[in-house]
């Protein structure tokens, strides 16, 4: 009874600290020693570093990295403010991560400070780390706050970042350059800090890579007015990836750029379609339904059997989570089949998907609506809150970016001629965006197969027994920008017999 009382009081104290910090991260001195020890014992807290804790849910596996990735930027906001106040700035590379709304949590954050930096790498949870070092002269006047964290301005960060950034992170570099709206954002910094060599890279990037002569000439002319003559040099080693003239948003740019960068990987490593009679192919998918549903639902953690799936098709299922999911998948599958027929006849698979996506989604959860477990109103549009993917460094775009992100995906699907590219990149980008609170994986696999069939490929089942490899391939794309393992994995899955 005493332990229960202690937990109740400790949780009240914890709630106060969370509310004050506006985060699931607290400093040890925000709780009494007794409350802290009680909460640690009950698995409500996990130490990040000495003196700082992350708030857990005791019903979840505390080794789950999702909570840490969701709390990553909140921890640094609080930790750096507490330790350094505003006497610090993220490095150029770390600043760019925030400016560009990177969806991948970095493995290391680098912080420059005027005081208190050890110069040693401090290890954090799940192979994350931070390096804080003293260098007052490296902290610019041109600081800005993102997520309440002190960063370099975008233009300053682009001038200060290492030249290799333009080679290794070409999409990010293009997006950053396209985000600068006025030449004077660069010229003032270049002149104030005598950055002649960085100026050469910046002007060269606009002139030779982005083909933006207007911006290149404006920077050049403004510098010449103050006596600085710069010879432009292209810092990129490849041609421009993002071809659109006007930037809609950072998120749209990243999706279009990623698509263009990796489509050749699919084309070079995935076989050409071998089936000409697409209608005959469509008529065969009913034979695969039971096995497809079993695997797709099992991958998402549902406890289903072949018998349950068959009964769900006949509307003979109880009002229970797994049974309702099976029934919903059968309805979504039928809608997808109708869409595929239209894709084949109209030869506009991307447009059909854009028009029919909402039908797939609503049908996926129609049984829950009918059982009054879910309101149909909640299925309108895209998600209205942030989501996190279990154990992934990838944090899907915020709700405010979903319209632009999905429009970019539709644009790619509608303008892509290669069916394998539409299928494989379409699958990945849908999961990357994660437009819904639930059902993203199932819809992504239906999207993949609709694009496969529209181009003369057979229906491809991702087998539940290969779930770990499947998820690891997706995470490899996020963490290492390596798309090849995912392409080869789906190639093997397409060749496997459905036993």
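Hull volume per residue, based on the alpha-carbon atoms of region 373-445 and their convex hull, is 106 Å³. On full extension, the segment bounded by residue 46 and residue 355 gains 106.7 nm, given 0.36 nm per residue less the C-alpha separation.
Counted over region 69-135 with a bin width of 5 Å, the fraction of Cα pairs per bin, in whole percents, is 4, 16, 29, 30, 16, 5, 0.
Within region 254-303, all pairs of alpha-carbon atoms sorted by distance into 10 Å bins from zero give the percentages 19, 22, 37, 22. Principal semi-axes of the equivalent ellipsoid, √(5λ) from the alpha carbon gyration tensor of region 240-349, are 35, 20, 14 Å from largest down. Net length available on complete extension from residue 306 to residue 391 is 27.7 nm, with 0.36 nm assigned per residue and the Cα-Cα distance removed. Under the criterion of Cα pairs below 8 Å and six or more residues apart, the relative contact order for region 280-420 equals 18 percent. The alpha-carbon atoms of region 391-499, seen along their principal axes, cover 42, 32, 25 angstrom, with the largest extent given first.
Using the Kirkwood radius built from alpha carbon pairs, what does the Stokes-Einstein equation give as D for region 1-152 at 10 °C and 1.306 mPa s, in µm² per second? It comes out at roughly 96 µm²/s. Overall form of region 2-63: rounded. Here a/c, set by the Cα gyration tensor axes a ≥ b ≥ c, is under 1.5.
Under conditions of 10 °C and 1.306 mPa s, region 90-225 yields 101 µm² s⁻¹ as its translational diffusion coefficient, taking Rh as the Kirkwood radius over Cα pairs in the Stokes-Einstein equation.
Reducing region 15-70 and region 164-239 to their Cα centroids gives an inter-centroid distance of 45 Å. In the chain, one over the average inverse separation of all distinct C-alpha pairs is 25.4 Å, which is the Kirkwood hydrodynamic radius. In this simple spin-label approximation, residue 27 and residue 248 carry label points 7 Å from Cα along the Cα→Cβ vector, and these lie 4.4 nm apart.
Inter-part distance, region 400-451 to region 307-369, computed on C-alpha centroids, equals 17 Å. If the chain linking residue 415 and residue 64 were pulled fully straight, counting 0.36 nm for each residue of separation and taking away their Cα-Cα distance, it would gain 122.5 nm. Peptide packing for 448-457, 195-204, 139-148 was compared via the average number of neighbouring C-beta atoms within 10 Å per residue; ordered from the highest value, the list is 448-457, 195-204, 139-148. Normalised by the number of residues in the chain, what is the relative contact order in percent for Cα pairs under 8 Å and 6+ residues apart? Normalised by residue count, the contact order of the chain is 12 percent.
Largest first, the three principal axis extents of the alpha carbons in region 250-495 are 47, 42, 35 Å in whole numbers. The helix-based estimate of mean residue ellipticity at 222 nm for the chain, built from -39,500 (n - 2.57) per DSSP H run of four or more residues and divided by its residue count, is -17000 deg cm²/dmol to the nearest 500.
Based on C-alpha pairs under 8 angstrom that are at least 6 apart in sequence, region 304-361 has a relative contact order of 26 percent. The label-point distance for residue 321 and residue 85, in a model that sets each label 7 Å from Cα toward Cβ, rounds to 5.0 nm.
Values quoted throughout were computed directly from the atomic coordinates according to the rules given, and no laboratory measurement underlies them. These numbers were taken from a predicted model, which means no experiment stands behind them. So basically every Cβ, Gly included, is an ideal-geometry build from the backbone, and we count neighbours across all protein chains shown.
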